[in-house]
Amino acid sequence: MAKQVVTRTYTASIRNQSRVSDDLDSLGFAASKLWNVGRWVCDRVWSEIGHIPGHNELTAYLKSHERYDDLHSQSSQRVLQELAEAFNGWYGKRRNGDTTANPPGYRKHGDEHPRSTVTFKAAGFKLDTKYDRVRLSKGSNLKDYWSDFILCEYQTRPDIYLSTVENVQQVRAVWTGDEWELHFVCKVEIEVSESPGEKTVGIDLGINNFAALAYEDGHAELYPFNCLKQDDYYFSKRIARCDDSNSEQATRLNQKKSRRRTHYFHTLSKHIVQRCVEKGVGTIVVGDLSGIREDEENDEVKDWGKHGNLDLHSWAFDRFTDLLEYKAEMEGISVETVSERDTSKSCSCCGRTRDANRVERGLYVCDDCGTVANADVNGAENIRQKVSPSSPNLSVNRSNGWLAQPSTFLFDKETGAFAPQEQVTS
Ligand SMILES: [Zn+2]
């Protein structure tokens, strides 16, 4: 066992909700208004000079704006940072070929403003773990004559003691739809296992399978979409049958669908980490989906629409990668993300990228060296090699194992776990 410092977010309820909710409302509305001012500035600058300002430019520009003083300066800065991040996320999606992605919008419903999350950094909060209280700073505009802060009495989960936490770095006030809650972003020291080994595995997410894994020893595994697809189909049909898509029943079905998806992601990430432990893997290499596709002109962009009506967007894969990272970290396994450039086009055996090399019925066929491999596994192996280039020894070994059929794991609804295809009955 070794110790490692990681970031964790703990959620807490607010015990004196009725005393502080008006004040928190004002801050939440103020954050939305500042967002909208920033959003408007982006439009203006864009139409003047064809450039969307980044975070620093926005802050420099809006520092003296009246709305900036509604919140603590660090909280205001964070709102503008989120706006800049939202624009960056949008550019990324556009570059990935997602033409339906919309730029970040205004936070306004008619004349109403939603309650945005307000973030308090070091200078903006004061934590009193003895009495479970936290003081959250207001902006100078919202201070009244007797108080310049909001005093929240919080309650964390019974097993979480903020007093033992190394360092609370941020506090966020988050509106859940019914009430306010607090998120404490902390540095905590955790016990992590020794790394299971030196080996690597490459993971390709989301072409024909949810995940394809290529291990260093030539073994490969596939995790198909089957259960996600069935679930999606089932819930979409039931939701479509609801008279009103905003009805309570439709909302409940949507929540259930998303809970089941989250459960699937948790189970799969846990399963993969377990497999890595068994196989002595110390590094997982994942293709970076949010990254820039540098080979745009080749029209070889991941085709998310391919999965029919399965509305699995790239953020679902991001979420899965987060869970995988979190679980791997506890086992002493590191997760590295690499650019996916050329990983689906080149031959993982001889390294050649040729137009003549092609994918037929899910198989990658190389005209140079004669390799025929599952296309997703070929991609996963290329991703793996970006971190751990194959040694000459390995390629000899691979000539035996490489063409072998990958094993397929399915989610077994009976047991709620992943199992080899031949063992799954449900
Ligand atoms: Zn080849």
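Give the distance, in whole Å, between the Cα centre of region 61-133 and the Cα centre of region 148-187.
Each part reduced to its Cα centre gives a spacing of 18 Å.
Work out, step by step, the length gained on full extension between residue 256 and residue 279: first 0.36 nm times the residue separation, then minus their alpha carbon distance; give nm to one decimal.
Residue separation times 0.36 nm, minus the Cα-Cα distance, leaves 4.8 nm.
Quick one: Debye curve from the alpha-carbon atoms of the chain only, equal weights, vacuum; give me log10 I(q)/I(0) at q = 0.13 Å⁻¹ to two decimals.
-1.30
Test of understanding: what is the full-extension gain from residue 361 to residue 51, defined as 0.36 nm times their sequence separation minus their Cα-Cα distance?
Contour length minus Cα-Cα distance gives 107.3 nm.
Can you give me the C-alpha center-to-center distance between region 195-240 and region 327-361, rounded to a whole angstrom?
Answer, in whole Å: 15.
Please find, in a Gaussian network model of the chain (springs between Cα atoms separated by less than 10 Å), the residue of 316, 101, 60 whose mean-square fluctuation is greatest.
Per the Cα network of the chain with a 10 Å cutoff, 60 tops the list.
What's the extension gain from residue 43 to residue 352 if we count 0.36 nm per residue and subtract their Cα-Cα distance?
106.7 nm
Cut-off 10 angstrom, C-alpha nodes, Gaussian network model of the chain. Which of 32, 334, 258 fluctuates the most?
258
Looking only at Cα atoms, what is the convex hull volume of region 62-170 per residue, in Å³?
181 Å³
For the chain, give the percent of accessible area contributed by carbon and sulfur heavy atoms, probe 1.4 Å, rounded to a whole number.
45 percent
Expressed as a rounded percentage, what relative contact order does the chain have, with Cα pairs under 8 Å and six or more residues apart?
It comes to 17 percent, rounded to a whole number.
For n ≥ 4 DSSP H runs only, could you compute -39500 (n - 2.57) per run for the chain, divide by its residues and tell me the 222 nm figure to the nearest 500?
-12000 deg cm²/dmol
Could you state the accessible area per residue of region 43-145 in Å², with a 1.4 Å probe and every protein chain left in place?
60 Å²
I'd like the projected area of region 105-227, averaged over all directions, using the convex hull of its alpha carbons. Report it in nm² with one decimal.
14.7 nm²
Quick one: order 331, 381 from most to least accessible surface, probe 1.4 Å.
Ranked from most to least accessible, the order is 331, 381.
Assuming R0 = 45 Å, can you tell me the calculated FRET efficiency for the pair residue 423 and residue 318, based on Cβ-Cβ distance, to the nearest 0.05?
0.90
For region 163-286, just say rounded, prolate or oblate: build the C-alpha gyration tensor, square-root its eigenvalues into a ≥ b ≥ c, call rounded for a/c under 1.5, and beyond that prolate if a/b exceeds b/c, oblate if not.
Judged from the Cα gyration tensor, region 163-286 comes out oblate (a/c at least 1.5, b/c at or above a/b).
What is the spin-label model distance, in nm, from residue 233 to residue 326 if the labels are put 7 Å beyond Cα along the C-beta direction?
The two pseudo-label positions are separated by 3.1 nm.
Consider a paramagnetic label point 7 Å from the Cα of residue 132 along Cα→Cβ; state which residues of region 1-43 have an amide N under 14 Å from it.
Hits in region 1-43 for residue 132 at 14 Å: 11-17.
The values are calculated or read from the model by the stated rules, or taken from the named source; none is laboratory data. Computed from a prediction, not measured in an experiment: that's the story for all the values here. As a convention, Cβ positions derive from the backbone with ideal geometry for all residues, glycine included, and neighbour counts pool all protein chains shown. Quick note on the areas: whole protein, heavy atoms, side chains included, nothing else; ligands and nucleic acids left out. Shrake-Rupley method; radii C 1.70, N 1.55, O 1.52, S 1.80 Å.
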